[in-house]
Amino acid sequence: MLALFIGFVAVSLLGTLHCFGLMAIRQVTPLADVTSHTGIVRIFISLLTLHVAEILLFAALYAGLQHVQMLGMLASDIPRTWTDYVYFSGINFVTLGYTQIETQGSIRMIAMMQSLGGFMVLTWSATFVYSVWGRIWSSDGDQG
């Protein structure tokens, strides 16, 4: 249950970070409604940056939790590197978490929660882009 709680808190923080990230992106791209192509590209790059930061934060969580034996571990015959944590976190974030790196123990609950959180914020981002693009279409009549 501790791992599920940690995962819940981590995904709650992810959602909070993502909300403030979207608000910041909206503030730094105020002309996205007027200059459609450059605005949407800036939004895309900003969202990419936000998602990579979120993946890196979960990678740091996994790296830190490797020292908490009661939660389990990312299993392998080789020692884990930062790249392994980033890879595992990224795959978990954008898919169901099927990687060459297995989880053992209750840390699986954290990985499951990250997959849920990743799905939620990715769809949130897609909705954000769609809403901005919809405003562009309605303001200038351009349909693509």
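Please find, within region 1-46, the residue that is surrounded by the most Cβ atoms within 10 Å (Cβ to Cβ) out of those that are modelled with pLDDT under 95 and either of a type in the set (F, W, Y) or outside any helix (DSSP H, G or I) (or both). Top of the filtered list is T29. Scanning region 87-140 for residues that are hydrophobic (A, V, I, L, M, F, W, C) and part of a loop (DSSP other than H, G, I, E, B), we see that the one that is farthest from T16 (Cα to Cα) is I101. Which of the residues spanning region 74-99 are surrounded by fewer than 18 Cβ atoms within 10 Å (Cβ to Cβ) and touching a residue at least 24 places away in the same chain (Cβ under 8 Å)? Matches in region 74-99: A75, S76, V94. Annotation: of all residues in region 100-117 being at pLDDT 90 or above, crowded, with 20+ Cβ neighbours inside 10 Å and not small (G, A, S), the one that is nearest to the chain's Cα centre (by Cα) is Q114.
Here region 47-67 is the region considered, the condition is being within 22 Å of F119 (Cα to Cα) and in contact with a Leu (Cβ under 9 Å, 6 or more places away or on another chain), and the residue that is modelled with the lowest pLDDT is Y62.
The values are calculated or read from the model by the stated rules, or taken from the named source; none is laboratory data. In this text the structure is predicted, and so the values were computed from the model without any measurement. All Cβ positions, even for glycine, are placed from backbone atoms using ideal geometry, and neighbour counts span all protein chains on display.
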